[in-house]
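Read the structure below first, then the notes.
The values are calculated or read from the model by the stated rules, or taken from the named source; none is laboratory data. Note that the structure is a prediction, hence the values are computed from the model and not measured. Counting neighbours? That spans all protein chains shown, and the Cβs are built from the backbone with ideal geometry, glycine included.
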Amino acid sequence: MAPGAQAPRGGRYAGWPAAFSCPARSHNTARWIVNGEQSTRRPPQPPGPQKNLERATQLAFEKLEGQTREQVVWLGAEPTATGCRLRVLDDWFEVDLQTRRVVLPGGRPVRPHWGILALHYLAVRTRPERLAPEVTFADLAAARSYASVYDGRVIGRLCGTVGREAEMLQTAAKRLGGHRALGGDLAFDFDVFPRVNLRLVWHEPDEEFPPSATLLLPANIEEYFCAEDIVVLSESLVARLAGRPF
């Protein structure tokens, strides 16, 4: 995250809010402030980030309940005996509705953020038109309040890692199945999900300016994902370009 930037609060993957103040000590006895009063009894602690992700995964599977086979096929997934297979960038996710797991073909569990995004995609009940990526994150009405955070966590991170040099970026994009597109000094389209593709437009540095980039999205991406999901989706694409596994 860029220095000084704050992650959006209340999002699907946001950290649990601090419910209690830090303990104050008096005569070697721990005391906590609970509802404005001191207490020597430690209050119940909220779950950590990992528990939040586990709960988000459970909710995503619940949201997927009742989805029709026809809709899953329309979304580009392949039904299986226990769930479905979904193409994500350069690999396949295997979604098991019985065990409530999302794994890669070799059986390794997918990282929670990617798994939750895949489940949210598969839970879409409508059939949005497939649009080319032509708008920026800041163009989305529900996302404008996150724009500065998005720039730091997505664009800043990209240009500070795999987007520092053209050759490095080109190699990474091809590895993920990126297709050359028009725009900037380099541009690639990524089929992140079968019906959702993103376009990365990159500008090389010169004597005055460092490298810069723009990530273009379909104008109707909010029919698939909420604003918080779009931030995570964009961050996760950058992480994959930088070599982080699913």
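Tabulated results
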item: Set ARG55, ARG85, ARG9: member being basic (Lys, Arg) and at pLDDT below 95; result: ARG9
item: Residue that is out of contact with any Cys (no Cβ under 9 Å at 6 or more places or on another chain), in a loop (DSSP other than H, G, I, E, B), small (Gly, Ala, Ser) and not assigned by TED's automatic domain parsing to the domain that holds PRO79, where the choices are GLY183, GLY152; result: GLY183
item: Members of the stretch 204-213 found to be surrounded by fewer than 19 Cβ atoms within 10 Å (Cβ to Cβ) and part of a strand (DSSP E or B), listed by number; result: SER212
item: Options ALA227, ALA239: the member that is at pLDDT below 95, surrounded by 18 or more Cβ atoms within 10 Å (Cβ to Cβ) and of a type in the set (A, V, I, L, M, F, W, C); result: ALA227
item: Residues satisfying the stated conditions in the stretch 182-198, i.e. crowded, with 19+ Cβ neighbours inside 10 Å and either among the hydrophobic types (A, V, I, L, M, F, W, C) or touching a Gly at 6+ places or on another chain (Cβ under 7 Å) (or both); result: LEU186, ALA187, PHE188, ASP189, PHE190, VAL192, PHE193, VAL196, LEU198
item: Qualifying residue in the stretch 71-81 (condition: under 18 Å from VAL232 (Cβ atoms) and at pLDDT 50 or above); result: no
item: Residues (within 17 Å of GLU228 (Cβ to Cβ), touching a Pro at 6+ places or on another chain (Cβ under 8 Å) and not β-branched (Val, Ile, Thr)) located in the stretch 124-151; result: SER145, TYR146
item: Residues located in the stretch 57-94, provided they are under 16 Å from VAL124 (Cα atoms), touching a residue at least 12 places away in the same chain (Cβ under 8 Å) and either assigned by TED's automatic domain parsing to the domain that holds PHE188 or in contact with a Lys or Arg (Cβ under 8 Å, 6 or more places away or on another chain) (or both); result: THR57, PHE61, GLN67, GLN71, TRP74, LEU75, GLY76, ALA77
item: Any hit, the stretch 95-118, residues being in a strand (DSSP E or B), among the acidic types (Asp, Glu) and over 28 Å from ARG180 (Cα atoms); result: yes
item: Which numbered condition ALA219 misses (of (1) within 28 Å of HIS120 (Cα to Cα); (2) at pLDDT below 95); result: (2)
